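Q: My questions will all concern the structure given below.
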Amino acid sequence: MHLNRRTNSLLIAFVFLATQLPCSAAEPALKSGIDRANFDDSIKPGDNFYEYVNGNWIKQNPIPPEYSRWGAFPKLRDDNLIALHEILDGLVKDSSSLNDEERKLRDFYTAAMDEKAIEKLAATPLQGPLKKIENVTDGKSLIAEVGRLRTIGVEALFSFSVSQDEKQSERYAAHLDQGGLGLPDRDYYVGKSADSKQILEKYHEHVAKTFELLGDKPEAAAAGADTVLRIETKLAEESRSPVELRDREKQYNKMSTAELKDSTPNIDWDSYLKEIDVHDIKYVIVGQPEFFKRANELVKSVSPEDWRTYLRWHLAHSLSPYLSSEFEDENFRFYSQELRGIKEMQPRWKRVVTTIDGQIGEALGKLYVKQHFPPAAKKRMDELVANLMAAYRERLASREWMGEKTKKLAIAKLDTVLPKIGYPSKWRDYSELKVGTDSYAENVMHAEAFETRYRFSRLGKPVDRLEWHMTPPTVNAYYNESLNEIVFPAGILQPPFFDMKADDAVNYGGIGAVIGHEITHGFDDQGSRFDARGNMVNWWESDDRTHFTAKTDKLVAEYDACVVLDDLHVNGKLTLGENIADLGGVNISYAAYQKSLGNKKAPEIDGFTGPQRFFIGFAQVWRGSARDSEVRLRIRTDPHSPMEFRAMVPSSNVEAFYKAFDVKPGDTLYRKPEDRVEVW
């Protein structure tokens, strides 16, 4: 996963893999790590390698009704929810000697599981914020209220955040970005497809229904939905697409506070900053200036009454999952059933555990690590990352298309990559967080306020290079270009992604390729724009960038040609960064695997050679399936390609894959040697 302040999340994984030691006579022989029962042997590897490796597994593991997709990643996430649930249940059952953090976890969990109290409260937790919204009578009070809502985690009209300055990575900076929409992408508002129009109609129904739950009469609720869609459509018209948002340089528009105020005179920034308790800002990084020009126009042209309607909606929208069942059910009906095709709501305990992990995850993660992440796992991860880094260094040095000056700087950047494994070396302090047992929604608002204060207070302070952007139980991993770091939470560092009893090949293919993926993000089309210190600066010679772009353009074309559903194709430009990382991950990990063998030939296990097991291990990582609605949503918004193409397209560009499975002209996956893409 390529993490930046605009990225939410993905699907990339890793686990602890060690250099394999020879077995002693007393030790059992290593297994392949491959289950032939998962294969569909009716399919040739060269025609559909993904189905060949995973076909029967997919048939035998249908998507559970509470999920929009299922596979290795969701399954492990589900297992981790069970582990976290046991921890929280244990705090409730044995509360005799809890410390302050543990009491807060217990109280948060207790309030969230008290369905009778939540039903009785209904929309009561919203009454305080709703009364404040009623005080919006002009532009100044509107912007002040937008700020107040931001402090409890409700983002309306635009997004304000504090993160590293991309061009001065030793500093934190204030960032302003487009926002204010209730749908996940601008195209739902302005697109012409039948799918966009249908979703927009369903969204209108959902907004109106939510207003009715707040007490509006049906006619007033429908009129309110009209107002919300009218404002959001205007904002969407000047919002950038997901592809446009990938260009990091174009999202960096530095303005002094005076310039910001001059460019948006209708937005009272002083009122906003006062409400969020942020002071003495000298400059702001504005992501999309044209969006703020539109927001500035709307502040003046939209009536205070309509703005109150818009803010009421965004408040209810943000907190519906934590209110009574009628709110939660309506939220699920639209955002899960309509948008993603999910059949059933998850059990309450799963929803609650997910929320607590998201709100006070390091407190919960500290307990998770104690029970589920042995020190030996961290040590082995350290060893494997070092092995992959060594292989990557050799690959960088061998790039004939790259000049010596750029190559030297690339190696210097690689040498400064910081691996973070398992959990933070410094835990968050939750002593100022207020948690009670009376209201689930209020606990969420308190947690959001706590997090907001923490993040905004960083302005003017040294950058915290020990900070993590994922909680320890998370089944994921990421690369952060501003810190030049690769991060692997404990949640992913466990089976089924690594088998301690398996031969190295399948582990290098499955897990090693993902480590290589994360490292490669430092050298993809956007990560490569950041230097070793995490600053967005051009350190490339122009000819080298031209050669790089020529290669990645070919990769865009390869993925553009991938058909997902009917006439729906992968968006090669949107997914370019992840596709570069997938391809680099396979190449680097295969090189590391070959290096680990020395001059010896890999043993044949269960009828497969070492190279075959490597690519099978890679394909196994991506096994799974998704509902059509989920696929359509992700094609619009997700920078990752669908699972089957993450397995097959990179493999089809690697010569070793052709040799391993005797892929020849006429096979579906065959590419002519001159058409194969190799970047890193």
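Each reported figure results from applying straightforward, stated rules to the coordinates on display, with no laboratory input. Because the structure is predicted, anything quoted here is derived from the model rather than measured. FYI the Cβ positions are ideal-geometry reconstructions off the backbone, even for glycines, and counts take in every protein chain you see.
Q: Quick check on the range 550-680: take the gyration tensor over C-alpha atoms, sort the square-rooted eigenvalues as a ≥ b ≥ c, and tell me if it's rounded (a/c under 1.5), prolate or oblate.
A: prolate
Q: Would you mind ranking LYS600, LYS293 by Cβ crowding within 10 Å, fewest neighbours first?
A: Values: LYS600 8, LYS293 12.
Lowest count first: LYS600, LYS293.
Q: Which one, VAL679, TYR593, ALA122, projects farthest toward the positive side of the charge dipole computed for the chain from Cβ point charges (K/R +1, D/E -1)?
A: Checking the options against the dipole of the chain, the answer is TYR593.
Q: Continuing with this model, one more query. Please state the equivalent ellipsoid semi-axes for the range 123-323: what are the square roots of 5 times the Cα gyration tensor eigenvalues, largest first, in whole Å?
A: In descending order the semi-axes read 28, 21, 15 Å.
Q: Right, something else. Does the range 518-563 come out rounded, prolate or oblate, given a ≥ b ≥ c as the square roots of the eigenvalues of its C-alpha gyration tensor, rounded meaning a/c under 1.5 and, failing that, prolate meaning a/b above b/c? The partial results should precede the final answer.
A: Working: a/c = 3.52, a/b = 1.67, b/c = 2.10.
Oblate shape, in that a/c is at least 1.5 and b/c is the bigger or equal ratio.
Q: Per-residue counts of other Cβ atoms within 10 Å, averaged by peptide: what ranking do you get for 313-324, 126-137, highest first?
A: On the way: 313-324: 22.1, 126-137: 15.2.
Output ranking for 313-324, 126-137: 313-324, 126-137.
Q: Can you compute the equivalent ellipsoid semi-axes for the chain, i.e. the square root of 5 times each eigenvalue of the Cα gyration tensor, sorted largest first and rounded to whole Å?
A: Listed largest to smallest, the semi-axes of the chain are 42, 29, 26 Å.
Q: For SER431 and VAL243, compute 0.36 nm times the residue count separating them, minus their Cα-Cα distance, and round to one decimal in nm.
A: Extending this stretch completely gives an extra 63.6 nm.
Q: Pop the C-beta distance of ALA194 and SER96 into the FRET formula with R0 = 45 Å and round what comes out to the nearest 0.05.
A: 0.15
Q: A further question follows. To the nearest 0.05, what FRET efficiency results for SER398 and ARG465 with a Förster distance of 35 Å applied to their C-beta separation? Spell out each step's value before the answer.
A: Working: r = 31 Å, r/R0 = 0.89.
After rounding to 0.05, the efficiency reads 0.65.
Q: Now for a separate question. Given 0.36 nm per residue, what is the gain on full extension from SER325 to LYS554 after removing their alpha carbon distance, in nm?
A: 77.4 nm
Q: Separate question: Can you tell me the dipole magnitude for the chain around its Cα centre, using point charges on the Cβ only (Lys, Arg +1; Asp, Glu -1), in Debye to the nearest 20? Spell out each step's value before the answer.
A: On the way: 92 positive and 106 negative charges, 248 e Å.
That gives the chain a dipole magnitude of about 1200 debye.
Q: For the range 505-512, just list the computed ³J(HN,Hα) in residue order, Karplus coefficients 6.51, -1.76 and 1.60, θ = phi - 60°, integers in Hz, with x standing in for Gly and Pro.
A: Taking θ as phi minus 60°, the curve returns 4, 5, 6, 5, x, x, 8, x Hz for the range 505-512.
Q: Per DSSP H run of at least 4 residues, take -39500 (n - 2.57); add these up for the chain, divide by its residues and hand me the 222 nm value, nearest 500 deg cm²/dmol.
A: Estimated from H runs of four or more residues: -15500 deg cm²/dmol.
Q: OK, next. What is the distance in Å between the Cα centres of the range 420-474 and the range 178-211?
A: Taking the Cα centre of each part, the range 420-474 and the range 178-211 sit 32 Å apart.
Q: What ranking, highest mean first, results for peptides 260-273, 523-536 when packing means the other Cβ atoms within 10 Å averaged over each residue?
A: Top of the packing list down: 523-536, 260-273.
Q: If you don't mind, there's one more thing I want to ask. How far, in degrees from 0 to 90, does helix 49-60 lean away from the longest principal axis of the Cα atoms of the chain, to the nearest 10?
A: So the helix axis and the longest Cα principal axis differ by about 60 degrees.
Q: Continuing with this model, one more query. I'd like to know which of PRO62, LEU98, GLN178 lies farthest towards the positive end of the charge dipole of the chain, counting +1 on Cβ of Lys and Arg and -1 on Cβ of Asp and Glu.
A: Going by the charge dipole, the pick is LEU98.
Q: May I ask for the net charge around PHE450, where only other residues with Cβ less than 15 Å from the Cβ of PHE450 are counted and Lys, Arg are +1 while Asp, Glu are -1?
A: -3
Q: Now a separate question. Once you keep just the Cα pairs under 8 angstrom separated by 6 or more residues, what percentage relative contact order results for the range 87-223? Present the calculation step by step, with values, prior to reporting the outcome.
A: Details: 89 pairs, mean separation 14.4, N = 137.
RCO, the range 87-223: 11 percent.
Q: Another one. Any idea how far the Cα center of the range 223-273 sits from the one of the range 350-375, in Å?
A: Computed from Cα coordinates, the inter-centre distance equals 35 Å.
Q: Can you give me the C-alpha center-to-center distance between the range 78-128 and the range 608-680, rounded to a whole angstrom?
A: What the calculation gives is 43 Å, centre to centre.
Q: Another question, if that's okay. Under a point spin-label approximation (7 Å from Cα along Cα-to-Cβ), what is the VAL537-GLU383 distance to one decimal in nm?
A: So the two model labels end up 3.8 nm from each other.
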